[in-house]
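A quick write-up on the structure given underneath.
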Amino acid sequence: MTDGPSDSPARYDFVAAELRWQRAWSDASLFSAPDVPDGSKPKYYVLEMFPYPSGKIHMGHVRNYTLGDVVARYKRARGHQVMHPMGWDAFGLPAENAARERGTHPAAWTYANIANMRAELKSMGLSLDWSREFATCDPEYYGQQQALFLDFLGAGLVERRKSWVNWDPVDGTVLANEQVIDGKGWRSGAPVEKRELSQWFLAITKYAPQLLEALNTLDRWPERVRTMQANWIGRSEGARVRFALAEPVDGTAEVEVFTTRPDTLYGMSFLAVAAEHPLAAAAGARDPKAAEFIAECRSQGTSEAAIEQAEKKGFDTGFRVKHPFIPGATFPVWIANFVLMEYGTGALFGCPAHDQRDIDFARKYGLPVMPVVLPPGEDPATFDVGKTAYTGDGTLFHSEFLDGLGTEAGKRAAIDALEAKGVGQGVVNWRLRDWGVSRQRYWGCPIPVIHCDDCGIVPVPKDQLPVRLPEDVDFARPGNPLDHHPTWKHVDCPSCGKPGRRETDTFDTFVDSSWYFARFTAPRAETPLVAAAANGWLPVDQYIGGIEHAILHLLYSRFFTRALAGMGHLDTPEPFAGLFTQGMVQHASYKAPDGRWLAPDEVEATPDGGAVERATGIALTVSRNDKMSKSKRNTIDPGGIISRYGADTARWFILADNPPDRDMEWSEAGVSGAHRFVQRLWRLAATLESRGGAQGSEGEARPLMQAVHRTIAAVTAALDSFAFNVAVARLHELANAIESSPAPLEARREAVGLMARLVAPMMPHLAEEIWSILHPGEGTLVAGMPWPEADPALLMAESMTIAVQVLGKLRATLSVPVGIAEAELMALAEAEENVQRAIAGKPIRKRIHVPGRVVNFVV
RNA sequence: GCGGGUGUGGCGGAACGGUAGACGCGGCGGACUCAAAAUCCGCUUCUGGCAACAGAGUGCCGGUUCGAAACCGGCCACCCGCACCA
């Protein structure tokens, strides 16, 4: 048999085909969603986290949008009315960096990037409803966001208070945490200071109980994300305890602490306050050494990681507090760098024996360690702690009226006693802090308020929205361009008409991404949302994005949705009914001995698994599994892959390589393997007629149809459970089965047609191409066809393979008819030569039979 | 530091507590070709053995079970997040 008619092309021309089918889908308007689901079919809203328009799409985008597109196309085929929109998370720091570095305006830079990335996304063949596209930097979007903010204000969900920021004293700007490198400003190199600013906050903590409680209802979210959110919200029961100062300090008579362990009050050996605490300030005013220590804490960086990883340090203020229960006993007040001002009251009492941080601190500064909780089975006369605190439950001792109580009973008794004395009470404390949304930057949504000397803070009237960003801004000067713009901030007070000042802070970009999914349901509306559309489409049925958003973005969006529901904008309290978190895309990175990072195309692999620089032959340090990043130069441009191999190849490789929730490693070899499969499937269809087998008998058709229908069942189950790599494996098996099948032509034609439909969510262009080869001139699009159904009659097997074990070790396998009697099976199994040898004449004590699977003899 | 996760051949991975390694990548051998590419066929966890087969094996140590990659306890390594990166 030859390869087929000599005039048939031997290769699939994916470049022409992909463009052709993208146009056909667009002409048929297959992917546009109605404004409100019309009820003809169940609605399904698929959404991937929208991209930041950095300039080019990266592999993480390709993975994210491929996953979403598989879901969208599959659900459409399963009879859903699908909404699958796309937009741009377009505000943010990089646009300002580009403006400072290259002199391009942030808006021009951003919209040029969007144009480029839109074209790249279109080349992927995604089944998106592009008519709903918007960018968060469109005034039509951020103006509606300003309107929402005014509603938040009206609902009492906005507060203004002071908080600490990273300050670059040379550049005169606030720095993001990522702009602080080793405690220094990334551009100026100057040591970063903490500075206190008045900032806008959204009162997410008012929703803390609901946000925690409702995690139980999110049964299509990954367990780990729910756990992380629950820990982040951090509900803990404990007590607030007011310690009287031995001597009043600046008129203050007491310090309040929060503790989750009021039962251990008798083990107290010190009290510690944060460096930002008023008592610390009072100490600083009295003692230059204290002020020096506070300054040192202030250079520590504002992130929790930086604070907790820093060496534990303290300073004894000389102030003392009285114990609430022990008459006459007083304890020193320290300033400690591990106490967070934002958590609890910014002060804690130290019980070294039963808290690890406290004992580290106590050992370092020679403070007493007094055990008061006796672990089960320990002797009170001998129990002591060394370097490790005992943090578990036990029986209280050395604790007067608490002696003999267990941990829980002790907490209750201590709280009762504190309340009776009027020096404390039981409280629920939350780790969650209010959301600071102020940013001192240009490229963000202006916060729509005006400051007036007489009226105070005045909201911009809704009919004056949007508050547009000025276009003529100067990035040459350091600081916030809005603040030093000559005219923009000078406006009259809307209330009294006297000269006032615009707020020059803009919103955190997380605000932009906290409601975009709702705006997609009515992207052009003159109000932020349209209730009928939002309620019709929300919640998002399947949301897909990176695990790095497990907490902040997802929690902020949940808060926003609840707040919007509370204000009557929509009905659904939760934005995302289903969540899938994808892994990162990684690539090996290559570093030269002189510290240069080399791009993959500058590198040659060596047989021993290493790599050398192609130009010089210098051996390189290869590090596998590095996150793709510009600084390590290990990024692969998806655009190049798509033009060289086609979108289907890129999509197929990304799906085939590994489970989508795990990190994946991009490999050239894997891509070319995927492309081979694309060509092979196409050939299967294109050469069907010429491959012989037309004379095959009807009897040979049945095994092939069984294979096809088993594949339908397996691929359906795999797609339902996000096991896309397994779906790919099953389709490989089916291709193998079709190629080697002697079935007649018609059966093979049917098999290839069904295969095309199964492949369609993953490789949509190839599916159309194959379908059009099999059904020339019909003009039907696979993208509009229903999902194939597996025929139960073809799923039944005639025989099965049973594993035969002796003592759990495999000794033989048996192929038996499906309906075989147990006794007959046991006899056959026992008669096997290998089984007999393993039994070695010993009596069989037990026979275990797992139907359809295994027989195990216990001797 | 705190919180969360992951770990299976040379590589990516598959496996309702029931035949570990499906499927693919890579490699080796062969066919076709003047040759190459493309394509096709075979082998490919490790050790011993011509083979039949036997032993070992899912990060490490221990446990539960007739049977553990999966369940439990204790470790190790790596990855993600930590509130102004998006």
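Of everything listed in (1) away from RNA strand B (no atom under 16 Å from the Cβ); (2) within 37 Å of the chain's Cα centre (by Cα); (3) open to solvent by less than 60 Å² (accessible area, probe 1.4 Å); (4) within 27 Å of A:Ala108 (Cβ to Cβ), the single unmet condition for A:Ala534 is (4).
Remark: pairs (first residue in the range A:147-168, on the phi < 0 side of the Ramachandran plot and among the aromatic types (Phe, Trp, Tyr); second residue within 13 Å of RNA strand B (Cβ to nearest atom) and not in a helix (DSSP H, G or I); Cβ separation under 6 Å; 6+ apart in sequence or on different chains) = A:Trp164/A:Lys194; A:Trp164/A:Glu196; A:Trp164/A:Thr302; A:Trp167/A:Arg195. Elements of the type strands (runs of 3 or more DSSP E) sitting completely within the range A:311-358 and holding at least 1 residues that are touching a Pro at 6+ places or on another chain (Cβ under 7 Å), within 19 Å of A:Pro248 (Cβ to Cβ) and more than 13 Å from RNA strand B (Cβ to nearest atom): these cover A:314-322.
Restricted to the range A:612-667, and to residues that are at pLDDT below 75, within 15 Å of RNA strand B (Cβ to nearest atom) and part of a strand (DSSP E or B), which residue is most open to solvent (accessible area, probe 1.4 Å)? Result: A:Arg624. Return the residues of the range A:760-800 that are assigned to a loop (DSSP other than H, G, I, E, B) and of a type in the set (Ser, Thr, Tyr); say none if nothing qualifies. Within the range A:760-800, A:Thr780 is the sole residue that qualifies.
Could you list, in sequence order, the residues of the range A:115-167 that are closer than 30 Å to A:Ser188 by Cα, touching a helix residue (DSSP H, G or I) at 6+ places or on another chain (Cβ under 9 Å) and open to solvent by 30 Å² or more (accessible area, probe 1.4 Å)? Hit for the range A:115-167 is A:Trp164, nothing else. Applying the set (1) near RNA strand B (Cβ under 9 Å from one of its atoms); (2) of a type outside the set (Asp, Glu); (3) surrounded by fewer than 12 Cβ atoms within 10 Å (Cβ to Cβ); (4) not in a strand (DSSP E or B) to A:Pro843 leaves exactly one unmet item: (1). Scanning the range A:668-694 for residues being in contact with a helix residue (DSSP H, G or I) (Cβ under 9 Å, 6 or more places away or on another chain), modelled with pLDDT under 90 and not small (Gly, Ala, Ser) gives a total of 5. Here the range A:168-222 is the region considered, the condition is being charged (D, E, K, R) and in a helix (DSSP H, G or I), and the residue that is surrounded by the fewest Cβ atoms within 10 Å (Cβ to Cβ) is A:Glu178. So, A:Glu18, is that one within 16 Å of RNA strand B (Cβ to nearest atom), in a helix (DSSP H, G or I) and not β-branched (Val, Ile, Thr) or not? Taking the combined requirement at face value, the residue does not satisfy it. Filtered by the rule that a residue be open to solvent by 20 Å² or more (accessible area, probe 1.4 Å) and either under 20 Å from A:Arg76 (Cα atoms) or not in a loop (DSSP other than H, G, I, E, B) (or both), the range A:511-531 gives a lone residue, A:Ala531. When the residues of the range A:68-89 are filtered to those that are away from RNA strand B (no atom under 16 Å from the Cβ) and among the hydrophobic types (A, V, I, L, M, F, W, C), the one that is nearest to A:Val782 (Cα to Cα) is A:Ala77.
Can you name the residue in the range A:178-206 that is among the β-branched types (Val, Ile, Thr) and at pLDDT 90 or above and is also farthest from the chain's Cα centre (by Cα) among such residues? Per the criteria, the residue is A:Thr205.
Contact map, the range A:222-236: residues that are closer than 25 Å to A:Pro660 by Cα paired with residues that are more than 7 Å from RNA strand B (Cβ to nearest atom) and open to solvent by 60 Å² or more (accessible area, probe 1.4 Å), Cβ distance under 8 Å, separation 6+ or inter-chain. Pairs shown: A:Pro222/A:Asp661.
The values are calculated or read from the model by the stated rules, or taken from the named source; none is laboratory data. All figures in this text were calculated on a predicted structure; none of them were measured in a lab. Cβ sites come from the backbone with ideal geometry, for glycine too, and all protein chains shown count toward neighbours. The accessibility values were calculated without ligands, DNA or RNA, using every heavy atom of the protein model including side chains. Shrake-Rupley method; radii C 1.70, N 1.55, O 1.52, S 1.80 Å.
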